[in-house]
1. (1) more than 8 Å from every other protein chain (Cβ to nearest Cβ); (2) buried (at least 19 other Cβ atoms within 10 Å of the Cβ); (3) within 25 Å of B:ALA66 (Cα to Cα): which one isn't true of B:TRP301, the others all being true?
2. Restricting the first residue to region A:253-267 and requiring it to be within 11 Å of B:PHE126 (Cβ to Cβ), which pairs with a second residue that is of a type in the set (Gly, Ala, Ser) and in a helix (DSSP H, G or I) meet a Cβ separation below 6 Å and a spacing of at least six or different chains?
3. What pairs come out if I take residues in region A:105-129 that are over 30 Å from A:GLU82 (Cβ atoms) and pair them with residues that are basic (Lys, Arg) whose C-beta lies under 8 Å away, six or more apart or interchain?
4. Looking at region A:176-183, can you tell me whether even one residue there is in contact with a Ser or Thr (Cβ under 7 Å, 6 or more places away or on another chain) and not in a loop (DSSP other than H, G, I, E, B)?
5. Out of the residues in region A:121-133 that are in a loop (DSSP other than H, G, I, E, B) and surrounded by 14 or more Cβ atoms within 10 Å (Cβ to Cβ), which is farthest from the other protein chains (Cβ to nearest Cβ)?
6. Among what's in region A:106-116 and is facing chain B (nearest Cβ under 7 Å) and not β-branched (Val, Ile, Thr), pick the residue that is surrounded by the most Cβ atoms within 10 Å (Cβ to Cβ).
7. For residues that are open to solvent by 10 Å² or more (accessible area, probe 1.4 Å) and either outside any loop (DSSP other than H, G, I, E, B) or of a type outside the set (Val, Ile, Thr) (or both), tally how many sit in region B:57-83.
Amino acid sequence: MSTLALLLSQFVDALSQSALLFFLGVGLTLIFGLMRIVNFAHGALYMLGAFVGYSLGTWSGNYWLALAGAPLLVGLFGTAFEFSILRRLYRRDAHAFLMVTFGLALVVGEAVRLTWGSDALKVAAPPVLSGVVFLLDEPFPVYRLFLAATGIVVAVAIWQFLERSRLGLLIRATSQNADMANALGVDIKLIRSCVFGIGCGLAALGGVLAAPLVTASNGMAATVIIDAFVIVIIGGMGSFLGSLIGALLIGFVQVFGNYYAPDFALAFMYLVMLAVLVVRPGGLLGKEA
Amino acid sequence: MRGTTRLIWIVVALALLAAPLGLPPFAMTLLTEAVILGLFAMSLDLMFGYTRLVSFGHAAAYGFGAYACGWLLLHTGMPLLFAVFAAGLLTGVMAIGVGWICTLATGVSFSMLTLAFAQLLYAISFKWTSVTGGSDGLAGIPRTIGPFGFAALSSKTGFYYLALACLVGGFLVCRALVRSPFGAVLRGIRENEAKTTALGYNTRLYKIAVVAISYGLGGLAGALYAPFAGFANTELLFWLLSGQVLIMVIVGGAGTLIGPVLGAAFFMLMEHQLSAWTEAWALYFGLIFIAFVLFAPQGIWGLATGWLQMGRSRANPRL
């Protein structure tokens with residue numbers, strides 16, 4: 001394999017990895033920006049997305065239905081959770097959220113195990129996406145390309161949604177000053193429910209998309225939640241662009257680190273985070289913490 | 001009624017001291033582990049409850065202490081008692097560096113930096129196989145008997161008393177600390193750091209000091225765990241443990257020292273009882289946490305003291 005082809009394939013690999021990480025990170029950062037809460041259950045919802053997607057896919061035989069349906073269902077679940085439980089806690093300390101979402105992570109994790117069993121489930125990509133293409137005469141899985149493309153599309157869509165749509169405007173306003181937005185007549189309770197749902201839905205989207213790559217398993221929640229935290233911290237809590245940069249940085253560090261220095265790959269990510277935080281304690285694009 | 005409180009203390013102390021006489025061996029194992037975890041949770045309370053420094057990587061202290069103690073016992077032939085305290089001390093010294101870097105940031109970033117350190121140690125424990133045993137961890141850690149007649153400590157009952165002594169000693173040290181002027185500055189940092197700085201205190205030094213002390217005590221707990229379980233593995237450094245100990249502190253009642261010990265015992269008991277009763281214990285566990293946050297924000301200790309006070313006001317109604 002020529003060096004150039006190798007680099008290119010790694011580049012696309014890293015890009016697709018970044019896309020998956022981005023789905024997680026952006027939901028987490030949106031939720032944090034708006035509500036100042038760290039959603040511990042984000043990894044569990046990512047996993048829930050993968051399993052719901054699996055069931056929808058096998059039930060309907062249609063991958064695209066699963067891809068659209070799982071985020072929607074998990075998003076609705078997130079909204080319901082915000083509506084019934086989180087809503088009571090906004091006047092309380094930040095650690096109340098930590099504990100409630102930690103509890104939710106346990107509940108969701110266990111519910112998934114009870115419903116779908118402890119075995120990893122294989123999710124097949126649709127025929128269109130399961131082949132390989134040749135990049136510089138080297139075979140390359142189409143699914144990775146599809147992931148990278150989806151990541152770009154979703155990133156642009158969220159950006160446009162936040163910048164152009166009315167709901168996006170209200171989200172930004174509430175994020176900047178919730179009391180003032182409320183005084184101006186914005187129903188911030190509704191906005192919070194929406195954003196929590198959207199964030200959970202994005203995590204689920206990541207889960208559905210990751211399932212054909214890594215199989216849906218009970219262990220997938222524990223590993224990704226920390227990756228998501230790291231991304232959000234590197235980018236700056238609450239910053240949309242920051243989560244994008246963080247996801248790219250970590251995606252590339254993971255893929256290239258795994259290839260060139262597999263012994264240290266696990267440590268690289270944290271070293272990057274340490275370095276960023278020592279220089280800029282609030283994250284790359286965050287406000288000074 | 002101060003008498004009632006004192007009576008409860010005396011009964012609890014006697015019960016803990018007499019526990020090995022009446023309890024079956026498996027219950028003693030559980031109790032010893034609860035005592036060790038109690039010390040671990042209490043060490044975090046110094047940071048979390050009194051200084052509002054939310055360590056999200058407290059497993060670093062526990063795991064480091066466990067590995068250090070395990071290594072000392074396996075490779076240097078140091079007696080149990082010395083190895084345990086040396087490991088705690090080493091953890092505290094290591095934590096000066098951790099504290100120095102982590103206190104550059106505040107708030108959530110501080111938590112994430114402590115997490116990063118813990119995960120870094122987790123990664124190292126996997127890769128530095130010659131010292132840590134890699135993914136197998138350190139196994140067959142002995143309870144080496146020392147030269148000064150501490151042989152009793154290596155028995156099951158003796159080890160329980162050692163752990164209990166560490167917990168009580170740790171509690172007395174922590175209580176003395178939080179009641180001292182040093183503790184007052186810590187509470188000042190918790191309530192309003194800017195104001196404390198303005199009063200002329202170098203808050204960063206205080207924060208580094210409390211991180212070192214807290215990690216040192218957490219390391220002591222880990223150092224007790226290694227010879228207790230006979231092994232030290234990467235699980236002890238994993239972030240899940242950091243999350244769990246934070247929950248123990250909050251469920252027990254942060255900022256009370258004794259509350260987190262109760263939280264740890266509650267955690268152990270729940271895990272054990274629920275897993276004996278149903279396979280889906282984590283489900284009920286999670287629901288119990290959520291219920292705690294919603295209905296008992298002050299934690300177990302808060303509930304308990306609340307009841308005591310209620311009894312008090314009923315006994316001497318204010319005129």
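The values are calculated or read from the model by the stated rules, or taken from the named source; none is laboratory data. Everything numeric in this text was worked out from a predicted model, so none of it was measured. Glycine also receives a Cβ, built like all others from the backbone with ideal geometry; neighbour counts cover every protein chain displayed. Side chains are part of the model used for accessible areas, which takes the heavy atoms of the whole protein and leaves out ligands, DNA and RNA. Shrake-Rupley method; radii C 1.70, N 1.55, O 1.52, S 1.80 Å.
1. (3)
2. Correct list of pairs: A:ALA265/A:GLY257; A:LEU266/B:ALA123; A:ALA267/B:ALA123.
3. Short answer, once both residue conditions are applied: none.
4. Within region A:176-183 (the criterion being in contact with a Ser or Thr (Cβ under 7 Å, 6 or more places away or on another chain) and not in a loop (DSSP other than H, G, I, E, B)), the answer is yes, since at least one residue qualifies.
5. To start, the set of residues in region A:121-133 that are in a loop (DSSP other than H, G, I, E, B) comprises A:122-126, A:131.
Narrowing further to those that are surrounded by 14 or more Cβ atoms within 10 Å (Cβ to Cβ): A:123, A:125-126.
Working: A:VAL123: 24, A:ALA125: 31, A:PRO126: 34 Å.
Applying the filter and picking the extreme gives A:PRO126.
6. We begin by selecting, within region A:106-116, every residue facing chain B (nearest Cβ under 7 Å); these are A:106-107, A:109-111, A:114.
Going one step further and asking which of them are not β-branched (Val, Ile, Thr), we end up with A:106, A:109-111, A:114.
Working: A:LEU106: 25, A:GLY109: 22, A:GLU110: 21, A:ALA111: 17, A:LEU114: 13.
Restricting to residues being facing chain B (nearest Cβ under 7 Å) and not β-branched (Val, Ile, Thr), the top hit is A:LEU106.
7. So in region B:57-83, the residues open to solvent by 10 Å² or more (accessible area, probe 1.4 Å) come out as B:64, B:67-68, B:71-72, B:74-79, B:81-82.
If we keep only those that are either outside any loop (DSSP other than H, G, I, E, B) or of a type outside the set (Val, Ile, Thr) (or both) too, we end up with B:64, B:67-68, B:71-72, B:74-75, B:77-79, B:81-82.
Count: 12.
Okay, residues lined up against (1) in a helix (DSSP H, G or I); (2) more than 10 Å from every other protein chain (Cβ to nearest Cβ); (3) farther than 18 Å from B:ALA226 by Cβ:
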position	(1), (2), (3)
B:GLY92	yes, yes, no
B:ILE96	yes, yes, yes
B:ILE101	yes, no, yes
B:PHE110	yes, no, yes
B:ALA116	yes, no, yes
B:GLN119	yes, no, yes
